[in-house]
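The values are calculated or read from the model by the stated rules, or taken from the named source; none is laboratory data. Values in this document were obtained by computation on a predicted structure and should not be read as measured data. Cβ placement follows ideal geometry from the backbone for every residue including glycine, while neighbour counts extend to all protein chains displayed. Heavy atoms of the whole protein, side chains included, go into the accessibility calculation; ligands, DNA and RNA do not. Shrake-Rupley method; radii C 1.70, N 1.55, O 1.52, S 1.80 Å.
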Amino acid sequence: MFMVRLKFSSISHNFSTAAAKHRRVPSKYKSLAIGQAQQAITDYLHTTRSLSYTHAEHIATNASVSIRNLILKLDFSVPTFSKSLRKHLSYHPINEFEFFFESIGIDYSEVNEFLPEKKFFFYEDRSVLDAACALSKFGFPWNKLGKLYKEERFVFVQSPGEIESRLFKFKDMGFTSVAVIGVCLAMPRTLCGGGELGSEIRCLFVKLKRLFDEFDSLHLFEENVESWHDISRKVRVFYDLGCCENEEMWELMCRNKSVFVEYSEEALMRKVEYFCRFGVRKEDVALLILRNPGIMDFDLEKPVISVTGMLKHFGLSQDEVDGVAQRYPYVLGRNKLKNLPYVLRALDLHERIFDRLKNGNHHLLASYSLMDPEEDLDREYQEGLEELQNSRTKTHHVQKLDFLHEIGFGENGITMKVLQHVHGTAIELQDRFQVLLNNGIVLSKICMLIRSAPKILNQKPHSIQDKLRFLCGEMGDSLEYLDVFPAYLCFDLENRINPRFRFHKWLVEKGLSEKSYSIASIVATSEKAFIARLYGIHPAIPKHWFERFSNRKTRYTVS
């Protein structure tokens, strides 16, 4: 009864925002209208589509927005509303898939993404419905099936027989029905595939059985789906890190039950994401946390660090710190501990420090503190920060500054100079940075490029991608060339890089130019100097350039 009231409540609050052209249902009759609409849809699906009454009711009672939209199409009158609904459905059939997808737990705003093209009725394609009915028959909560569908649609193209066979095989391995449901909802992939995948899933269930038996000795599970789903989601955090075949990981999970009892999935994910930012193997991240569960209590977000102080704390000698300071001055100064992974990657020290943490020195993260309030404060940075705090666009600039700190730039004057040249929101800067990272450029090199040519971050993501592709494809060079000429990424591809490169190539092929110019010389030379160079080859060459190759728009794309 409580759940029914919740469903009524979730629908009722939307009536107050109905368009004026619709007659509003009086507040005291909202529950009545909803109940009658749900009953009408239940009867419609049961009688005209031959769904079992139970499944028809599941769809009707879990599609709150679709029910609301149906009610708003009709004028409300207590004596006639039920009859009006049935008459309306006789002449205006519903999109059954729309009701279905909302009912299995997919947010109504996302439903359109999943609707089959040019299909409105279940008889046109029963595969999804039949799969849902098979899962429901086993005991899966109807309104949780959307989790499975969104992550593994393949589950819903299998026949009911295939689904039931797989589920009962899991039960035969010693699991209860609610345990099987909890595991499958947490790891939808378990309901897919045969062959190698089937062997992997069987192996997973064998290990889960051993793990859950250990957990059960502490009476961690209640006999309901939510309890099993909660623990299984936490296990999945480590499974996704590659623990399937790692025996040590399973042993550590059995031994360190507190990780799964005392901490939420969100807390586990925060720690995993933090250490994954070190750029090391995911399996090593899992081992670090499972070997040292105390790390879950470390505050890795708020503490402020001195970069040089932290390096000494990690065991670097003074000579090593001096070498780092000389090569990477833009990383120095203060930063936050939450940015440490990228700070260390910007210094090319991430693997070395992570190994120290993994091999028994994880306590170093918790034992560090600034030596004094003035340690590593950079005056130029502080002055620049004060100016930002007093500017009208304070929030915008501070967010961009935070982005620079997040990717490894420290609190120093160089960072402030870089900030002056980069434009766009912090989110836009992140997207542009991510393109460089996704193309395999190591983070330390990206920071060097940004320090040398900050306006790289002013280019649109697709523009950066196209220029990288042109450099490695058409020009036949490698990404290493960016070390020599980082400003390459700042020039317009269509109006500068491409036409000049093609023209240079044509000159060489025709034997008109004995000298092979570098990419930097081809692209960065001013228009005036470029034309003078062509004239020096032959007075007629500039005319050929303008007529055949030039787009007459040679600009340096900065913003």
The condition of being open to solvent by 70 Å² or more (accessible area, probe 1.4 Å) and outside any helix (DSSP H, G or I) holds, among ARG392, ARG356, only for ARG392
- Does LYS445 fit the bill of being over 15 Å from ALA524 (Cα atoms) and open to solvent by less than 60 Å² (accessible area, probe 1.4 Å)? yes
Filtering the range 427-451 for residues that are more than 24 Å from ASP376 (Cβ to Cβ) and assigned to a helix (DSSP H, G or I) leaves a count of 14
For the range 428-439 the number of residues that are more than 15 Å from ARG277 (Cα to Cα) and either over 16 Å from the mean Cα position of the chain (by Cα) or among the hydrophobic types (A, V, I, L, M, F, W, C) (or both) is 4
Of the candidates TYR239, TYR263, the one satisfying the condition of being assigned to a loop (DSSP other than H, G, I, E, B), open to solvent by less than 50 Å² (accessible area, probe 1.4 Å), closer than 21 Å to LEU185 by Cβ and not charged (D, E, K, R) is TYR263
Expected single match for without any contact (Cβ under 8 Å) to a residue 60 or more places away in the chain and closer than 21 Å to LEU401 by Cβ among MET310, MET296 is MET310
GLU374 - would you say it is surrounded by fewer than 20 Cβ atoms within 10 Å (Cβ to Cβ), of a type in the set (Asp, Glu) and part of a helix (DSSP H, G or I)? no
For the range 238-259, pairs from a residue that is under 13 Å from LEU211 (Cα atoms) to a residue that is part of a loop (DSSP other than H, G, I, E, B) and open to solvent by 20 Å² or more (accessible area, probe 1.4 Å), with Cβ under 7 Å and 6 or more apart or across chains, are LYS257/LEU218
ASP372 vs (1) modelled with pLDDT under 95; (2) within 21 Å of VAL272 (Cα to Cα); (3) not hydrophobic (A, V, I, L, M, F, W, C): all pass except (2)
Log entry, pairs with first residue in the range 318-333 being over 22 Å from ASP372 (Cβ atoms) and assigned to a helix (DSSP H, G or I), second being at pLDDT 95 or above and of a type in the set (Phe, Trp, Tyr), beta carbons closer than 8 Å, six or more apart or on different chains, reads TYR330/PHE409
### Task
Please tell me if ILE414 is assigned to a helix (DSSP H, G or I), over 17 Å from ARG345 (Cβ atoms) and in contact (Cβ under 8 Å) with a residue 60 or more places away in the chain.
yes
Of the listed residues (LYS455, LYS445, LYS460), the one being within 21 Å of ILE407 (Cβ to Cβ) and in contact with a Cys (Cβ under 9 Å, 6 or more places away or on another chain) is LYS455
Taking first residues from the range 64-90 that are farther than 13 Å from ASP43 by Cα and second residues anywhere that are of a type in the set (Asp, Glu) and open to solvent by less than 30 Å² (accessible area, probe 1.4 Å), the pairs with Cβ under 6 Å that are 6 or more apart or on different chains are SER66/GLU102
Filter the range 92-112 for residues that are polar (S, T, N, Q) and in a helix (DSSP H, G or I); the one that is farthest from THR48 (Cα to Cα) is SER109
Listed by first then second residue, the pairs whose first member lies in the range 25-46 and is within 15 Å of ASN62 (Cα to Cα) and open to solvent by less than 10 Å² (accessible area, probe 1.4 Å), whose partner is not in a helix (DSSP H, G or I) and not aromatic (Phe, Trp, Tyr), with beta carbons under 6 Å and at least 6 positions apart or on separate chains, are LEU45/LEU51
Subject >> Check on PHE114, farther than 16 Å from ALA60 by Cα, free of Cβ contacts under 8 Å to residues at least 40 places away in the same chain and of a type in the set (A, V, I, L, M, F, W, C) >> reply: yes
Over the range 334-351, the set of residues outside any strand (DSSP E or B) and within 20 Å of PHE298 (Cβ to Cβ) is LEU337, LYS338, ASN339, LEU340, PRO341, TYR342, VAL343, LEU344, ARG345, LEU349, HIS350
Being over 30 Å from ASN438 (Cα atoms) and open to solvent by less than 30 Å² (accessible area, probe 1.4 Å) narrows LEU493, LEU468, LEU534, LEU512 down to just LEU534
Among helices (runs of 4 or more DSSP H) completely within the range 113-219, the ones holding 2 or more residues that are open to solvent by 60 Å² or more (accessible area, probe 1.4 Å) and modelled with pLDDT under 90 are 195-216
Note to self: Tell me yes or no: at least one residue of the range 49-71 is modelled with pLDDT under 90, under 23 Å from LYS137 (Cα atoms) and surrounded by fewer than 16 Cβ atoms within 10 Å (Cβ to Cβ).
What the structure shows: yes
